[in-house]
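Only one structure is covered here, and it is reproduced in the block below.
The values are calculated or read from the model by the stated rules, or taken from the named source; none is laboratory data. These numbers were taken from a predicted model, which means no experiment stands behind them. No Cβ is skipped: glycine too gets one built from the backbone with ideal geometry, and neighbour counts run over all protein chains shown.
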């Protein structure tokens with residue numbers, strides 16, 4: 001079963017006269033349970049592709065099926081529901097709400113999904129234990145180290161049991177040791193059956209993935225597969 | 001397949017709780033936003049309270065010094081100063097019968113006291129003093145209606161009033177001038193050519209609108225009171241015992257309207273259709289009272305509305321100033337699956353909650369504020385529940401209107417742009 005299936009995905013910014021073609025026709029398939037790295041230099045269209053795959057933006061042309069559902073034509077509220085249900089984001093800058101407690105940050109996606117408060121709380125605590133910071137529920141993000149914050153972000157991304165974990169340079173703001181730990185966590189999640197898409201410019205990180213997809217000038221330049229995870 | 005999973009039923013309570021959490025997470029911003037509401041509500045409430053207190057005090061003053069509850073019949077000036085017509089001359093003028101017959105009218109049920117006065121100016125001589133003074137010939141319930149109380153001796157008996165007995169009761173000032181030392185009760189007094197005996201002294205009457213003001217009832221203490229029959233009959237030789245004023249006290253202003261109509265036709269008939277008397281205009285009095293209240297209310301409502309308007313603008317400014325912080329927040333929430341309308345509803349709920357909380361603090365501030373003001377001008381504070389309702393209602397209307405713009409703006413952000421916003 002394919003989690004991601006895009007055909008001839010095109011994204012054009014601006015008007016006809018000075019149009020920027022960020023994506024020029026992407027055909028990308030990702031199977032359930034895969035761990036894929038999306039690499040490419042800046043300006044290659046990586047961020048645009050990530051935004052579209054993450055349902056934060058819609059393509060100008062082409063088709064995109066996420067977990068079996070065509071999403072390329074959906075409007076704002078439906079996209080929001082898809083993001084809520086199917087996608088877990090992990091950002092480079094963590095993107096935690098700075099004034100909300102860790103617990104509440106992790107609860108947020110479940111709040112929008114309409115999960116009752118008690119259930120939300122239990123699941124959030126469970127997730128925090130799973131990512132290795134069970135005792136930080138009551139503190140604010142500012143009190144945590146970068147690595148811990150990224151663990152919170154991962155816990156939050158997992159809250160609604162998404163079909164796809166979408167990580168955008170998840171170690172970009174971390175030192176190498178902490179970065180390794182976070183990547184190890186992703187590998188662990190992958191081993192548990194989660195589908196992971198890692199967006200990165202770092203070949204060393206991309207090497208951890210089963211498959212690497214390289215983007216250049218809005219086109220897929222190459223796809224390499226690797227049999228064994230490190 | 002479940003796509004839209006945002007709960008719509010029972011979501012308001014949840015949203016309210018979330019708003020409370022949001023407000024608690026951002027105490028500084030929330031406080032500044034609530035400040036406008038607080039001041040607006042305080043100003044509406046304070047305005048109403050001060051206006052109510054002032055009006056209440058004015059009404060008390062009216063009731064005590066003139067009284068909106070009193071209906072007077074007075075002779076017109078023609079009878080005194082101009083050349084009266086033959087018919088007017090043949091008239092008997094305002095008499096005791098006008099008062100007694102007026103009291104028997106069907107609508108006189110509403111009357112709870114009647115008084116009559118015949119004024120005179122005369123030389124008043126005691127063993128100590130010799131002065132030209134006003135002398136009040138009084139009858140019926142005059143003493144009680146004007147709130148006089150006997151301090152020494154006794155008041156007029158019914159017999160004194162019916163026969164026009166040569167007796168006098170003095171106000172406290174008149175007593176101290178005419179009899180600076182020694183006993184007063186029982187002493188002889190000569191009013192004009194008529195010898196009378198002092199039978200009592202009224203207690204001093206005082207009324208001050210504000211603390212420290214001069215006594216507005218000083219004139220009442222100057223009274224030299226004798227039966228009206230004594231003035232009309234023995235002193236002035238008026239066989240018809242005419243009066244200068246008849247007063248009915250009617251506590252119910254609505255009933256006074258009916259009574260004044262019946263009284264007017266009665267007196268007109270008694271006076272052979274001659275227009276030689278004047279009745280207080282009740283309608284005009286009611287109108288004046290109402291319009292005065294309206295003016296106060298409009299002024300204070302306006303000042304409150306202006307304060308809320310200012311507060312609302314402050315609120316919008318704070319919202320816009322905290323936009324950078326907010327936009328990222330909104331972006332994150334949208335990425336996590338909050339649709340635009342959820343963002344809108346959340347912000348509106350937050351504004352609503354903020355308005356209510358601000359209103360409560362505003363109540364406190366407003367009450368303290370109006371207490372300080374009324375206390376400093378020395379009138380009792382009066383708070384009506386209606387002013388709380390008005391203040392809250394206005395705050396909610398303005399809170400809602402001013403929240404619309406930032407909430408709409410936030411809900412229309414694109415998640416991608418909001419996330420990248422720096």
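I'd like the residue in segment B:368-422 that is in a loop (DSSP other than H, G, I, E, B) and more than 30 Å from residue A:51 (Cα to Cα) and, out of all such residues, is farthest from the other protein chains (Cβ to nearest Cβ). By that ranking, first place goes to B:378.
Quick grid of which residues meet (1) at pLDDT below 85; (2) part of a loop (DSSP other than H, G, I, E, B); (3) within 21 Å of residue A:86 (Cβ to Cβ); (4) more than 13 Å from chain B (Cβ to nearest Cβ):
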position: A:137; (1), (2), (3), (4): yes, yes, no, yes
position: A:153; (1), (2), (3), (4): no, no, yes, no
position: A:157; (1), (2), (3), (4): no, no, yes, no
position: A:162; (1), (2), (3), (4): no, yes, yes, no
position: A:166; (1), (2), (3), (4): no, no, yes, no
position: A:178; (1), (2), (3), (4): yes, no, no, yes
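Okay, residues lined up against (1) under 26 Å from residue B:359 (Cα atoms); (2) in the same structural domain as residue B:313 (by TED's automatic domain parsing); (3) modelled with pLDDT of 85 or more:
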| residue | (1), (2), (3) |
| --- | --- |
| B:376 | yes, yes, no |
| B:380 | yes, yes, no |
| B:383 | yes, yes, no |
| B:386 | yes, yes, no |
| B:390 | yes, yes, no |
| B:396 | yes, yes, yes |
| B:399 | yes, yes, no |
| B:406 | yes, yes, no |
| B:415 | no, yes, no |
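Residues that are modelled with pLDDT under 85, touching a strand residue (DSSP E or B) at 6+ places or on another chain (Cβ under 9 Å) and within 14 Å of another protein chain (Cβ to nearest Cβ): does segment A:78-87 have at least one? No, the conditions are met nowhere in segment A:78-87. Among the residues that make up segment A:139-160, is at least one of them without any contact (Cβ under 8 Å) to a residue 40 or more places away in the chain, surrounded by fewer than 22 Cβ atoms within 10 Å (Cβ to Cβ) and farther than 26 Å from residue A:99 by Cβ? No, segment A:139-160 contains no residue that is without any contact (Cβ under 8 Å) to a residue 40 or more places away in the chain, surrounded by fewer than 22 Cβ atoms within 10 Å (Cβ to Cβ) and farther than 26 Å from residue A:99 by Cβ. When you check residue B:54 against the structure, is it in the same structural domain as residue B:266 (by TED's automatic domain parsing), crowded, with 16+ Cβ neighbours inside 10 Å and at pLDDT below 80, yes or no? When the stated conditions are applied, residue B:54 does not pass them. Looking at this structure, is residue B:63 modelled with pLDDT of 80 or more, in a helix (DSSP H, G or I) and away from every other protein chain (no Cβ under 13 Å)? So residue B:63 fails the test. When the criteria are applied in full, residue A:52 meets the requirement of being outside any loop (DSSP other than H, G, I, E, B) and either in contact (Cβ under 8 Å) with a residue 24 or more places away in the chain or more than 27 Å from residue A:173 (Cβ to Cβ) (or both). The residues on offer are B:243, B:266, and the sole one that is modelled with pLDDT of 80 or more, in a loop (DSSP other than H, G, I, E, B) and under 38 Å from the mean Cα position of the chain (by Cα) is B:243.
Of all the residues in segment B:97-118, those that are assigned to a loop (DSSP other than H, G, I, E, B) and in contact with a helix residue (DSSP H, G or I) (Cβ under 6 Å, 6 or more places away or on another chain) number 1. Residues in segment B:162-171 that are buried (at least 20 other Cβ atoms within 10 Å of the Cβ) and either at pLDDT 85 or above or more than 21 Å from residue B:120 (Cα to Cα) (or both): B:167, B:168, B:169, B:170, B:171.
Considering every residue within segment A:95-106, establish whether at least one is touching a strand residue (DSSP E or B) at 6+ places or on another chain (Cβ under 9 Å), facing chain B (nearest Cβ under 10 Å) and within 30 Å of residue B:28 (Cβ to Cβ). Looking for residues that are touching a strand residue (DSSP E or B) at 6+ places or on another chain (Cβ under 9 Å), facing chain B (nearest Cβ under 10 Å) and within 30 Å of residue B:28 (Cβ to Cβ), one finds at least one in segment A:95-106, hence yes.
Residue check: residue A:53 meets all listed conditions (1) at pLDDT 85 or above; (2) more than 9 Å from chain B (Cβ to nearest Cβ); (3) over 14 Å from the mean Cα position of the chain (by Cα); (4) crowded, with 17+ Cβ neighbours inside 10 Å but one, namely (3). Of the residues making up segment B:181-202, at least one is within 33 Å of the chain's Cα centre (by Cα) and farther than 21 Å from residue B:73 by Cα. Determine, yes or no, whether residue A:174 is over 29 Å from residue B:15 (Cβ atoms) and at pLDDT 85 or above. In short, no.
Applying the condition of being at the interface with another protein chain (Cβ under 9 Å from one of its Cβ atoms) and not in a strand (DSSP E or B) to segment A:56-73 and asking which residue is nearest to residue B:328 (Cα to Cα) yields A:56.
Residues in segment B:320-356 that are free of Cβ contacts under 8 Å to residues at least 24 places away in the same chain and buried (at least 20 other Cβ atoms within 10 Å of the Cβ) were compared, and the one that is nearest to the other protein chains (Cβ to nearest Cβ) is B:337. All of (1) at pLDDT below 80; (2) in contact with a strand residue (DSSP E or B) (Cβ under 7 Å, 6 or more places away or on another chain); (3) not in a loop (DSSP other than H, G, I, E, B) hold for residue B:135 with one exception: (1).
One line per residue, one yes/no per condition, for (1) under 21 Å from residue B:249 (Cα atoms); (2) outside the structural domain of residue B:118 (by TED's automatic domain parsing); (3) surrounded by 17 or more Cβ atoms within 10 Å (Cβ to Cβ):
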{"site": "B:144", "(1), (2), (3)": "yes, no, no"}
{"site": "B:149", "(1), (2), (3)": "yes, no, no"}
{"site": "B:156", "(1), (2), (3)": "yes, no, yes"}
{"site": "B:175", "(1), (2), (3)": "no, no, yes"}
{"site": "B:188", "(1), (2), (3)": "no, no, no"}
{"site": "B:191", "(1), (2), (3)": "no, no, yes"}
{"site": "B:197", "(1), (2), (3)": "no, no, no"}
{"site": "B:201", "(1), (2), (3)": "no, no, yes"}
